[in-house]
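K.L.:
This is the structure I want to talk about, given as structure tokens.
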Amino acid sequence: MQDTSFAIHPGTKKQSIGENFKDIGAFTSYTVEEDVVSFKTENGFVSVIFYNNHTVRVTMNQKQQPSLKTSFAIIGNREGIIPNINENENDVQIKTNDLNVIVTKKPFRISINDNDGRAIVEEGKNGMASNENGEVICFKKMDEYDHFYGFGEKTGFLNKRGEKMEMWNTDVYAPHNPETDALYQSIPFFITLREGLAHGIFFDNTWRTHFDLKSEKDTYSFKAEGGQLDYYVFRGPTIKEVLNQYTKLTGTMPIPPKWALGYHQSRYSYETEEEVRTLVNNFLEKKIPVDAIYLDIHYMNEYRVFTFDQDRFPTAKSLVEDLNKVGIKIVPIVDPGVKEDPEYPIYQEGVRENYFCKYLEGNIYFGDVWPGNSAFPDFTNSKVRNWWGQKHKFYTDLGIAGIWNDMNEPAIFNETKTMDIKVMHENDGDPKTHRELHNVYGLLMGEATYEGMKKQLNGKRTFLLTRAGYAGVQRYASVWTGDNRSFWEHLQLALPMCMNLGMSGVAFCGPDVGGFAHDTSGELLIRWTQFGTFTPYFRNHSAINTVRQEPWSFGEDVEVLTKKYIEQRYVWLPHLYTLFQEAHKTGVPVMRPLVLEYPTDVNTFNLSDQFMIGENVIVAPILTPTTKHRVVYLPEGRWINYWTDEILEGNTHHLVEAPIDILPIFIKEGSIIPHGTVKQSTATPEDELTYHIYLGKDKYASYRLYEDDGQTFGYENGETFEQEIVCEKEQGTISISVRESNGSYDPTWTKETFVIHACSEDVVVSINGEEVYAVDKKYDHATNKLTITTLR
Ligand code: GLC
């Protein structure tokens, strides 16, 4: 009855946060053992551990000494830092070089300062508390100038101040609107930006958790249904450093295979082999680039995972091989539900070996999903993860290198939408209920799949797409934002959602381009594809019974424009790939909110309809129908319209023209952007690299390009290529220096072109001191561009 007016029946009293919680009470004593400082209070126990100089962990247990076991999210180690401790009458201070934890005694409250004395987090009237239901809560002071980012996959605007959010992995087919809270991912991590400086908190609790940045003016809280209060504070002080510190603990994404960054085409479902072949021929004939085609649930024999339907896909192996030959990969869907069928080997094995989730009493849990009654692997057991991973040999033997994990919240077709929370997970000998481990089910399925595929592929990179996850999901998978709809509102929603996923460690993410459910339109498809060119993950996907959504589905005009932007993806790939490598190294996302680069600019704090690709490119998509212009905010500096080379002053808003063929893009003056060439897929080696140089008034611009073979883990052993381009201007001369790193990878391109924008014809240009160029020099009077091509 929740969707009738009964929901607001006068008798329905809402419980407010903080009710019935008992404060942890005053300090009673403390002890120190190696790097762990343990406190006892009137009503609980608290441990404080410095993981490293920038990160401190606080754990509270109301009944006993806190367990220092971490969740599956954490892979970073403690550095064994022994802090200095000073006890006074009123407080205990625990100090390292960078952080100072001040524990006041009466009441027991924790404040954390950095070594400049900046208060990072502070407790006030309320601190830590728990109640008889086993819920735990923590309150922190909220400054007037605090802005909040992260929290994983959430609807709404960029800045989460004033929001209440819940983490409970949920299959939400509909709706995705500002009221929709828990979605497929649970990432209880956020960044606070306060007067230009940032810090982060990761609340590592896998139970259902709640964050309240709304109920009180000067306090926010986070709480969990059970477990310990266990959180990490990251010092920052920049957003980039917070992300770096957070991903030190939870991991960064491996560099994806290059084909995973190309354009992907999906549909629920391409139902037969013939349909897939026709689809591929269409792409090839129309010369529309594509790197991957997805097989949704229809490819299976009655939705049994690790099978192909022999009637629909009689020669799956040759299909995969033929596609591989033309540079296109097949990505099949794999859901966790295993069909209950005593004649199905996977089911038999799972039952015999005790691999499925069970009730405490020993009976297997069954839930209804696509295959009907199904059992669910208990991914909390490492044995089960190995088994599941190993089963992927079925796919790799066919030549498949990428997998799509869906329904792994896990989603079940019932009232609660998921597994009975009373089900037990074996958890490698430390059994826990589903209530406690629900939020990590998808993460662990991801681990099983990723590691299994990696093993089978013998040194080749795999690609995994997942719907559900928990903090750390970036180690295994790219995340798409689930079942959106072909609404303009959902295009709008995708920007802040993906930016916040990026601010939650998940650099590789994107929505279904064109919208999944509902019928898209030609115009929406064009605008969404324009946006997709720059989302880290770029897949067009649509649901059964909706209009077709392939680039050519709306006639020639729409095809020409979607094709143009799919091609742009390949043009921008060298820059994107460099940014993916940066994300792999540092945790800083590819797609960035402006606030990440301009944290003191008030105009960026909640800027939700434009974003950056790296630090010098602003993308401002059109997000409403029949719209041919929009307002774009450009921060300090000067910016160049990518299409026209028009120079625009920063620190102000501009009304920019954007007819249907234009996605507004702006490049910061004083920067260099590399471009590749249009190709059918990433399987075609790059033969020419072009550096666009936008010096403008600036005298200096530089760029570091990253490249490797795009396929293997050779990059872990120095098989890389890095090129640093430095461009300097001095009275009528421009000198470009090209420095290559000593990595052992030799890139495929032989030609290198430098396009100097806004340049006069008589400028003398030298490349590494030479004024003679191996190939060509051209000046275009109409655009004031000087183009020099050399050989590498
Ligand atoms: C879920 C997925 C969707 C997929 C469908 C059928 O709704 O989110 O992407 O196409 O299941 O497998």
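The values are calculated or read from the model by the stated rules, or taken from the named source; none is laboratory data. Remember, it's a predicted structure, so these values are computed and weren't measured experimentally. Please note: Cβ atoms are built from the backbone with ideal geometry, for glycine as well, and neighbour counts cover all protein chains shown. When the accessible area is computed, the model is the full protein with side chains, heavy atoms only, and any ligands, DNA or RNA have been set aside. Shrake-Rupley method; radii C 1.70, N 1.55, O 1.52, S 1.80 Å.
K.L.:
Just one of Tyr303, Tyr246, Tyr263 is under 30 Å from Gly372 (Cβ atoms) and among the aromatic types (Phe, Trp, Tyr); which is it?
P.N.:
Tyr303
K.L.:
Additional query: If I filter region 672-719 down to residues being open to solvent by 20 Å² or more (accessible area, probe 1.4 Å) and in a strand (DSSP E or B), which single residue comes out as nearest to Ala401 (Cα to Cα)?
P.N.:
Thr712
K.L.:
From the residues in region 280-294 that are touching a residue at least 12 places away in the same chain (Cβ under 8 Å) and surrounded by fewer than 17 Cβ atoms within 10 Å (Cβ to Cβ), which one is farthest from the ligand (Cβ to nearest atom)?
P.N.:
Lys287
K.L.:
I've got another one for you. Looking at (1) of a type outside the set (A, V, I, L, M, F, W, C); (2) surrounded by 15 or more Cβ atoms within 10 Å (Cβ to Cβ); (3) free of Cβ contacts under 8 Å to residues at least 24 places away in the same chain, which is the only condition Thr96 fails?
P.N.:
(3) is the only condition that Thr96 fails.
K.L.:
So Glu556 ticks every box in (1) closer than 20 Å to Ile660 by Cα; (2) open to solvent by 10 Å² or more (accessible area, probe 1.4 Å); (3) in contact with an Asp or Glu (Cβ under 7 Å, 6 or more places away or on another chain) but one. Which box is left unticked?
P.N.:
Glu556 satisfies every listed condition except (3).
K.L.:
A further question on this structure: Looking at region 720-737 only, could you name the residues that are open to solvent by 50 Å² or more (accessible area, probe 1.4 Å), in contact with a Phe, Trp or Tyr (Cβ under 9 Å, 6 or more places away or on another chain) and over 18 Å from Trp572 (Cα atoms)?
P.N.:
Glu728, Lys729
K.L.:
Here's another thing I want to ask about it. Can you report the number of residues in region 582-617 which are under 23 Å from Thr250 (Cβ atoms), part of a loop (DSSP other than H, G, I, E, B) and under 19 Å from the mean Cα position of the chain (by Cα)?
P.N.:
Going through region 582-617 one residue at a time, the tally reaches 6.
K.L.:
What are the pairs with Cβ atoms under 6 angstrom where one residue, in region 221-236, is surrounded by 24 or more Cβ atoms within 10 Å (Cβ to Cβ) and the other, located anywhere, is of a type in the set (Gly, Ala, Ser)? Sequence gap at least six, or different chains.
P.N.:
Phe234/Gly200; Gly236/Ala198
K.L.:
Checking the structure you have, find out if any residue of region 283-292 is in a loop (DSSP other than H, G, I, E, B) and aliphatic (A, V, I, L, M).
P.N.:
For region 283-292, residues in a loop (DSSP other than H, G, I, E, B) and aliphatic (A, V, I, L, M): present.
K.L.:
Okay, moving on. Among all residue pairs at least 6 apart or on different chains, which show Cβ distances below 8 Å where the first residue, located in region 356-372, is without any contact (Cβ under 8 Å) to a residue 40 or more places away in the chain and open to solvent by less than 30 Å² (accessible area, probe 1.4 Å) and the second is more than 16 Å from the ligand (Cβ to nearest atom) and assigned to a strand (DSSP E or B)?
P.N.:
Close Cβ pairs satisfying both conditions: Phe356/Ile364; Phe356/Ala375; Phe356/Pro377.
K.L.:
I need every pair where a residue in region 477-496 that is open to solvent by less than 10 Å² (accessible area, probe 1.4 Å) has its Cβ under 6 Å from the Cβ of a residue that is within 16 Å of the ligand (Cβ to nearest atom) and of a type in the set (Lys, Arg), sequence separation at least 6 or different chains.
P.N.:
So the pair list comes out as Gly482/Arg467.
K.L.:
Moving to a separate point now. Scan region 605-638 for residues that are of a type in the set (A, V, I, L, M, F, W, C) and over 21 Å from Pro574 (Cα atoms) and jot them down.
P.N.:
Phe605, Leu607, Ile622, Leu623, Val631, Val632, Leu634
K.L.:
Then there is this: Hand me the list of helices (runs of 4 or more DSSP H) wholly inside region 386-465 holding 2 or more residues that are among the aliphatic types (A, V, I, L, M) and touching a residue at least 12 places away in the same chain (Cβ under 8 Å).
P.N.:
Answer list for region 386-465: 441-456.
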